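Just below is one structure, and these are the notes that go with it.
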Amino acid sequence: MRALGRVETRYLLRCGGCHGTQGRSPETNVPSLSGQVGWFLCTAEGRSYLLRLPNVTRAPLSDAELAELMNWVVFRLGGASVPANAQPFTAEEVQAARARPLLSTTLVADRQEIVSSLMQRCSAPASLAAYGRNRGGGDAVLRVR
């Protein structure tokens with residue numbers, strides 16, 4: 001058994017419970033990350049969406065630690081889905097995103113809109129849209145105070 005690195009340990013503690021230890025989760029509950037999260041770096045909207053998700057913006061990590069974690073998620077778990085010209089997240093980018101968190105929105109519908117754009121503009125696969133299909137047409141509302 002190998003020892004886990006610092007970032008992988010953070011992922012398991014902060015994200016792995018829902019997204020799965022290897023980034024694979026039941027699509028009806030939580031979006032899978034493995035082999036597909038990298039597509040979100042194809043557009044500015046997708047990139048921003050990842051950083052502005054409530055559990056991301058509220059993670060009890062410094063901006064630098066969160067940037068490091070999100071880079072691990074996208075570049076490690078995203079695998080071949082990461083665009084060739086994708087740039088890593090920076091602490092400054094995380095700080096700016098935290099100032100504009102997604103607080104009261106229809107997250108599923110917003111994600112579906114971004115995914116539709118990724119499919120049209122970036123040739124992302126239709127499998128990226130699996131999350132949200134059986135969730136009442138994207139009307140799930142999350143309100144965070």
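The values are calculated or read from the model by the stated rules, or taken from the named source; none is laboratory data. All values derive from a computational prediction rather than experimental measurement. FYI the Cβ positions are ideal-geometry reconstructions off the backbone, even for glycines, and counts take in every protein chain you see. Only protein heavy atoms, including side chains, enter the accessible area calculation; ligands, DNA and RNA are left aside. Shrake-Rupley method; radii C 1.70, N 1.55, O 1.52, S 1.80 Å.
Would it be correct to say that VAL73 is part of a loop (DSSP other than H, G, I, E, B), open to solvent by less than 50 Å² (accessible area, probe 1.4 Å) and either among the β-branched types (Val, Ile, Thr) or modelled with pLDDT of 95 or more (or both)?
no
Going residue by residue through the range 50-66, is there one that turns out to be open to solvent by less than 60 Å² (accessible area, probe 1.4 Å), polar (S, T, N, Q), assigned to a helix (DSSP H, G or I) and at negative phi?
Checked against the condition, which is being open to solvent by less than 60 Å² (accessible area, probe 1.4 Å), polar (S, T, N, Q), assigned to a helix (DSSP H, G or I) and at negative phi, the range 50-66 yields at least one hit.
What pairs come up if the first residue lies in the range 33-44 and is farther than 14 Å from VAL115 by Cβ, the second is open to solvent by less than 20 Å² (accessible area, probe 1.4 Å) and modelled with pLDDT of 95 or more, and their beta carbons are under 6 Å apart, counting only those six or more places apart or on different chains?
Note: pairs meeting the criteria are SER34/LEU77; GLY35/SER81.
Could you grab the pairs with beta carbons closer than 6 Å, sequence gap of 6+ or different chains, first residue in the range 18-31 and of a type in the set (S, T, N, Q), second one open to solvent by 80 Å² or more (accessible area, probe 1.4 Å) and in a loop (DSSP other than H, G, I, E, B)?
Once the first residue is of a type in the set (S, T, N, Q) and sits in the range 18-31, its partners that are open to solvent by 80 Å² or more (accessible area, probe 1.4 Å) and in a loop (DSSP other than H, G, I, E, B) give THR28/ASN134.
When only residues in the range 82-113 that are more than 19 Å from GLN36 (Cβ to Cβ) and among the β-branched types (Val, Ile, Thr) count, which is surrounded by the most Cβ atoms within 10 Å (Cβ to Cβ)?
VAL94
Looking at GLY23, GLY17, GLY35, GLY79, can you tell me which residue is surrounded by fewer than 17 Cβ atoms within 10 Å (Cβ to Cβ) and at positive phi?
Of the residues listed, the single one that is surrounded by fewer than 17 Cβ atoms within 10 Å (Cβ to Cβ) and at positive phi is GLY79.
Please verify whether the range 82-101 includes one or more residues that are closer than 18 Å to GLY23 by Cα and modelled with pLDDT of 95 or more.
There is at least one residue in the range 82-101 that is closer than 18 Å to GLY23 by Cα and modelled with pLDDT of 95 or more.
Is it true that some residue in the range 113-130 is under 25 Å from LEU13 (Cβ atoms) and within 13 Å of the chain's Cα centre (by Cα)?
Looking for residues that are under 25 Å from LEU13 (Cβ atoms) and within 13 Å of the chain's Cα centre (by Cα), one finds none in the range 113-130, hence no.
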